[in-house]
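Asks: Pasting in a structure now, in structure tokens, and then I'll have a few things to ask.
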Amino acid sequence: MGIDTGKPLNILFFGTPEFAVVCLQLLVKRNYKIVGVVTSPDRPAGRGKRLKSSAIKQFALEKQLPLFQPNNLKDQGFINSIKALHVDLAIVVAFRMLPQVVWSIPKIGTFNLHASLLPQYRGAAPINWALVNGEQETGVTTFFIDAAIDTGAILLQKKVAIEKGETAGHLHDRLAEIGSGLICDTIDGLSANEIIAQPQYTPQTIKKAPKLTKENTRLDWNQSLNTLIRFVNGMNPYPGAWTVLKQKGEEIPIKIFTITYHKEKHRYTIGKLLTSEKQIRIAHHEGWIVCENLQLPNKKRMTAADLLNGYEFETDAVVF
């Protein structure tokens, strides 16, 4: 399925966040022929709602790569522009779903880098849910895009052991580096006709990786201590596991990024919040959860000790 012409492939790259930048950086460093970069339009962000460029746009401009920011991927003007590039191969990393009219343009095809060992953890947040579910290993996969989400034929995979206590941020950075190398291996293999795409098998149990929402990132204090630690780590640094602090009848959402625990019998009800010696502790049915890093609304993320320097929890404080 490759093009054995001896000439470098014309590559079109789709991506938006920092994860994609790491991959594009390596392609540029290794002198692959990037004929175009497609990213999301600038979006309003922050309190001032100023337009913010994606990480990929900033990198593409820095490297003077041809840049496209279509509002509509089916726009005929955009499609004509892509066709004019004579694209041999397109690569998608952390981008929205492409319509067939776009992913079918490249001569070899369009492949995606996914941060899991497909077919497990199909979806938008594979890194987070692998940690939340306590997996021992994960990985990266390149696969040809088809009409469904994350179901196309697999090209290459690389397994990665998950480190004890690893956060989503740390695993994200490791997988971005490993994934960028896998992209290069995939390009070279397809160019030389050395990769045979393998259809995804259908396991009896599919573990999903749904988009992170307000509903599925909230802490459930009835879960075990081990489960809570995995959940917090899986949401650190983004979007942050959250809970509701209730004191004096007021309910305040707070994010918790780092916790430890110790098992101990006590007389308090689940969710009771106590502070002592610059520590913030939450009563749990197995013992105590110690909140080491957290964030109040409209405040920056800080350590418990720093927070307690300027904020005092009430004696009736509980979380739920």
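The values are calculated or read from the model by the stated rules, or taken from the named source; none is laboratory data. Note that the structure is predicted; figures quoted are calculated from it, not measured. Don't worry about glycine lacking a Cβ; one is built from the backbone with ideal geometry, like all the others, and counts go over all protein chains shown.
Asks: Residues to consider are GLN223, GLN200; find the one that is without any contact (Cβ under 8 Å) to a residue 60 or more places away in the chain and either among the polar types (S, T, N, Q) or in the same structural domain as THR243 (by TED's automatic domain parsing) (or both).
Replies: Details: GLN200 fails: without any contact (Cβ under 8 Å) to a residue 60 or more places away in the chain.
Going through GLN223, GLN200 in turn, the sole match is GLN223.
Asks: Return the residues of the range 159-185 that are over 30 Å from LEU228 (Cβ atoms) and either crowded, with 20+ Cβ neighbours inside 10 Å or outside the structural domain of LEU89 (by TED's automatic domain parsing) (or both); say none if nothing qualifies.
Replies: Let us first name the residues in the range 159-185 that are over 30 Å from LEU228 (Cβ atoms), namely 180-185.
If the condition is that a residue be over 30 Å from LEU228 (Cβ atoms) and either crowded, with 20+ Cβ neighbours inside 10 Å or outside the structural domain of LEU89 (by TED's automatic domain parsing) (or both), then SER180, LEU182, ILE183 are the ones that fit.
Asks: Can you tell me which residue among GLY249, GLY271 is farther than 27 Å from HIS114 by Cβ, without any contact (Cβ under 8 Å) to a residue 12 or more places away in the chain and outside the structural domain of THR141 (by TED's automatic domain parsing)?
Replies: Working: GLY271 fails: without any contact (Cβ under 8 Å) to a residue 12 or more places away in the chain.
Every option except GLY249 fails the conditions.
Asks: Wholly within the range 1-88, which strands (runs of 3 or more DSSP E) include no fewer than the required count, namely at least 2 residues that are in contact with a Gly (Cβ under 9 Å, 6 or more places away or on another chain)?
Replies: 10-15, 33-38
Asks: If you don't mind, there's one more thing I want to ask. For the range 268-283: of the residues being in contact with a helix residue (DSSP H, G or I) (Cβ under 7 Å, 6 or more places away or on another chain) and over 16 Å from VAL244 (Cβ atoms), which is surrounded by the fewest Cβ atoms within 10 Å (Cβ to Cβ)?
Replies: Start the filter on the range 268-283 by keeping residues that are in contact with a helix residue (DSSP H, G or I) (Cβ under 7 Å, 6 or more places away or on another chain), which leaves 275, 278-280.
Next cut, over 16 Å from VAL244 (Cβ atoms) only: 275, 278-279.
Working: THR275: 17, LYS278: 12, GLN279: 14.
For the range 268-283, the residue satisfying everything is LYS278.
Asks: Can you pull out every residue in the range 285-294 that is buried (at least 20 other Cβ atoms within 10 Å of the Cβ) and in contact with a helix residue (DSSP H, G or I) (Cβ under 6 Å, 6 or more places away or on another chain)?
Replies: CYS291
Asks: Would you confirm whether or not the range 193-215 contains a residue that is surrounded by 19 or more Cβ atoms within 10 Å (Cβ to Cβ), over 26 Å from ASN128 (Cα atoms) and modelled with pLDDT of 95 or more?
Replies: Scanning the range 193-215, I find at least one residue that is surrounded by 19 or more Cβ atoms within 10 Å (Cβ to Cβ), over 26 Å from ASN128 (Cα atoms) and modelled with pLDDT of 95 or more, so the answer is yes.
Asks: Residue by residue through the range 2-50, note down the ones that are among the basic types (Lys, Arg) and either buried (at least 21 other Cβ atoms within 10 Å of the Cβ) or modelled with pLDDT under 95 (or both). Explain how you work it out, then say what you get.
Replies: Filtering the range 2-50 for residues among the basic types (Lys, Arg) gives 7, 29-30, 33, 43, 47, 49-50.
Listed by number, the residues that qualify are LYS7, ARG43, ARG47, LYS49, ARG50.
Asks: May I pose another question? So how many residues does the range 220-252 have that are closer than 18 Å to GLU166 by Cα and either part of a strand (DSSP E or B) or among the hydrophobic types (A, V, I, L, M, F, W, C) (or both)?
Replies: Total satisfying the criteria: 7.
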